[in-house]
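Colleague: Have a look at this one before I ask anything.
The values are calculated or read from the model by the stated rules, or taken from the named source; none is laboratory data. In this text, all values refer to a predicted model and were calculated from it rather than measured experimentally. Counting neighbours? That spans all protein chains shown, and the Cβs are built from the backbone with ideal geometry, glycine included.
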Amino acid sequence: MLFPILGIVLIGMIALALRYRYLNKKIDNDNDAFYERERRANSTPTKDISSLKYLDIPIDKFPIGEIDDSDLKEIEEKLMALSKKEILNLTGKTNTDLKEEYGVVNFEKMQQVGENFNDLTVVLIDYANALININRYDDAIKVLEYGIAIKTDISKNYTLLGDCYKEKGQSRKIRVLRDQAEHYEGIMKDSILRHLDELLATFDNLEDFQE
């Protein structure tokens with residue numbers, strides 16, 4: 001019995017060794033491809049970015065300065081500051097992508113433009129939360145709908161907006177939001193859809209009293 005067992009063990013060891021060798025070669029090839037692409041990206045000539053369409057924050061649609069609340073005022077000041085900056089949704093783009101698409105000379109600027117977008121999506125959530133806390137659901141909806149329009153990657157933007165629609169009895173809008181969430185590419189997609197489905201379930205057997 002010893003020899004068959006040793007044979008099986010030997011075959012297993014050989015298989016593992018071959019698998020290990022294959023994975024190492026694949027990693028080496030992937031690394032070579034990455035460094036080659038990065039090398040080419042670093043040689044990308046200057047590109048004209050003067051015609052880029054930056055995001056406009058619809059400040060006039062938000063209740064800026066209407067509410068006497070210190071926390072809200074602080075958030076609104078951040079939003080106003082961001083409204084003066086250049087913002088683009090560059091979510092998912094790597095540093096190499098940015099160099100290839102916009103040129104090495106513009107790399108640092110486009111990095112900042114992308115960071116501005118990330119800051120904006122966070123401020124929108126903070127703003128909506130603050131509005132919800134004082135029962136300004138209609139205003140929170142405007143803020144969160146803007147987040148969806150600019151394709152935020154923050155899952156809470158979807159779930160909070162769904163909660164606001166539920167509070168207002170707007171089940172049809174939850175269904176529309178769910179359809180939009182189907183195109184969400186983040187790892188929280190299933191969680192978002194599950195939350196929206198749970199909200200829709202609360203409307204079962206109830207008359208839809210959409211405003």
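Colleague: Would you list the helices (runs of 4 or more DSSP H) that sit entirely within the range 110-211 and hold 3 or more residues that are basic (Lys, Arg)?
Modeller: 171-181
Colleague: Can you confirm whether the range 153-162 contains a residue that is more than 20 Å from the chain's Cα centre (by Cα) and buried (at least 19 other Cβ atoms within 10 Å of the Cβ)?
Modeller: No, because not a single residue in the range 153-162 is more than 20 Å from the chain's Cα centre (by Cα) and buried (at least 19 other Cβ atoms within 10 Å of the Cβ).
Colleague: Then there is this: Against the condition in the same structural domain as Thr91 (by TED's automatic domain parsing) and over 28 Å from Lys53 (Cα atoms), how does Tyr127 come out, does it pass?
Modeller: no
Colleague: Surrounded by 15 or more Cβ atoms within 10 Å (Cβ to Cβ), of a type in the set (Gly, Ala, Ser) and in the same structural domain as Tyr184 (by TED's automatic domain parsing): is that true of Gly103 in this structure?
Modeller: Spelling it out, Gly103 is indeed surrounded by 15 or more Cβ atoms within 10 Å (Cβ to Cβ), of a type in the set (Gly, Ala, Ser) and in the same structural domain as Tyr184 (by TED's automatic domain parsing).
Colleague: Could you check, for the range 81-93, whether at least one of its residues is assigned to a helix (DSSP H, G or I), at pLDDT 95 or above, of a type in the set (A, V, I, L, M) and in the same structural domain as Glu185 (by TED's automatic domain parsing)?
Modeller: yes
Colleague: May I pose another question? Between Lys25, Lys73, which is modelled with pLDDT under 70 and assigned to a helix (DSSP H, G or I)?
Modeller: Of Lys25, Lys73, the one residue that is modelled with pLDDT under 70 and assigned to a helix (DSSP H, G or I) is Lys25.
Colleague: Return the residues of the range 57-90 that are without any contact (Cβ under 8 Å) to a residue 24 or more places away in the chain and not β-branched (Val, Ile, Thr); say none if nothing qualifies.
Modeller: Asp60, Gly65, Glu66, Asp68, Ser70, Lys73, Glu74, Glu77, Met80, Ala81, Lys84
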